[in-house]
Amino acid sequence: MMIRSMAYLGLESPAAAQWRTFGTAILGLQLLDDAADGAQRFRMDEADCRLWVHPGGRNDIAYIGWTVAGEPEAIALGELIIAAGRELHRATRDEAAARKVAGFCWFIDPAGFRHELAWGQYVTPNGFVPGRAMSGFRTGDQGMGHIVLAVPDLGVSDRFYREVLGFNISDRIIDGPRELLFYHCNGRHHSLAIASPVPGKMGAHHLMLEVNALDDVGVAIDLCAQHDVPVSKSIGCHSNDRMVSTYLFSPSVLRIEYGFGGVAIHDLWEPKTYSTTSIWGHKELRPDLPPAMIIER
Ligand SMILES: [Fe+2]
């Protein structure tokens, strides 16, 4: 497994400016100075920057950054990506500096998502100052969190993520016609999950950020009420990773799963199948809102 963890995420959104309050006052991220293109930048741990929200005409996943150990690992994985028929691009020095990494290679996956294989992420030890009072985020060798993508063809994406990128299957959920696949690359139960809710279409359901205390989840729910931010699912516990979490409706439609207490994967992990996503809770509170960030290009 050459991918070690989720390093960072870039969004594009017409509502980028609204993230200044949402990111800090609700999520507790640290707002940094804007990028050259006006992107909002956020820190959540000692990594210099993990989230960019670029102003743009549509809601989109601009890029998903994955950590590899170094340039040789990126090139070795890149050869597999090229052999699978994808083009691999090498970032310039300036592009790498903008992502706060020593270097990265990028490619577009069969579903249309841009992934970046990055090495040498810049860190500022003890540099994280939360945007609101909270206990901090669980990252470290489990990376930034997890991302759940809607892909046009579940089988095609499953083969690419496992056989080319080397992700390991954690579990699957088969809930009637709905199927979700979960993948790990470190101790976090899943760093990536996919579903195909509307075959032929792509989108993204949520980014999960894990906090160090259950109280931070409860406080986020209270703060959403204060700031008129919709909570799209009630607090609940997932059947597979046992995360106790809630889903907050970000200004870019992409939900933020804000959770605590996920289980860790170990060497003898056996993938299981569940028939429901949650043991309790996670009730849909806002069926009036769009169900996911639909990506139209
Ligand atoms: Fe999740």
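Highlighted here are the strands (runs of 3 or more DSSP E) found entirely within segment 10-75 that include at least 2 residues which are of a type in the set (Phe, Trp, Tyr): 60-67.
Taking the options ASP45, ASP34, name whichever one is of a type outside the set (Ser, Thr, Tyr), closer than 30 Å to MET2 by Cβ and either open to solvent by 10 Å² or more (accessible area, probe 1.4 Å) or out of contact with any strand residue (DSSP E or B) (no Cβ under 9 Å at 6 or more places or on another chain) (or both).
After applying the criteria, what remains is ASP45.
Can you tell me which residue among ARG188, ARG172, ARG138, ARG162 is open to solvent by 40 Å² or more (accessible area, probe 1.4 Å) and under 30 Å from GLY28 (Cα atoms)? One residue alone meets the criteria, ARG138.
Each residue in segment 1-57 was checked for being of a type in the set (Asp, Glu) and touching a residue at least 40 places away in the same chain (Cβ under 8 Å), and 4 of them qualify.
Against the test of being over 26 Å from ASP60 (Cβ atoms) and touching a strand residue (DSSP E or B) at 6+ places or on another chain (Cβ under 7 Å), the options ARG132, ARG162, ARG172 yield a single qualifying residue, ARG172. Look at segment 181-207: where a residue is on the phi < 0 side of the Ramachandran plot and a partner is within 10 Å of the ligand (Cβ to nearest atom) and open to solvent by 20 Å² or more (accessible area, probe 1.4 Å), sitting 6+ places away or on another chain with Cβ atoms under 9 Å, you get HIS189/HIS238; ALA193/LEU180; ALA193/HIS205; ILE194/LEU180; ALA195/LEU180; ALA195/HIS205; PRO197/HIS205.
You will find that of SER252, SER275, the residue that is surrounded by 15 or more Cβ atoms within 10 Å (Cβ to Cβ) and away from the ligand (no atom under 16 Å from the Cβ) is SER252 and no other.
The values are calculated or read from the model by the stated rules, or taken from the named source; none is laboratory data. No experiment lies behind these values; they were computed from the predicted model shown. Glycine gets a Cβ as well: all are built from the backbone with ideal geometry, and neighbour counts include every protein chain shown. SASA here: full protein model, heavy atoms, side chains in, ligands and nucleic acids out. Shrake-Rupley method; radii C 1.70, N 1.55, O 1.52, S 1.80 Å.
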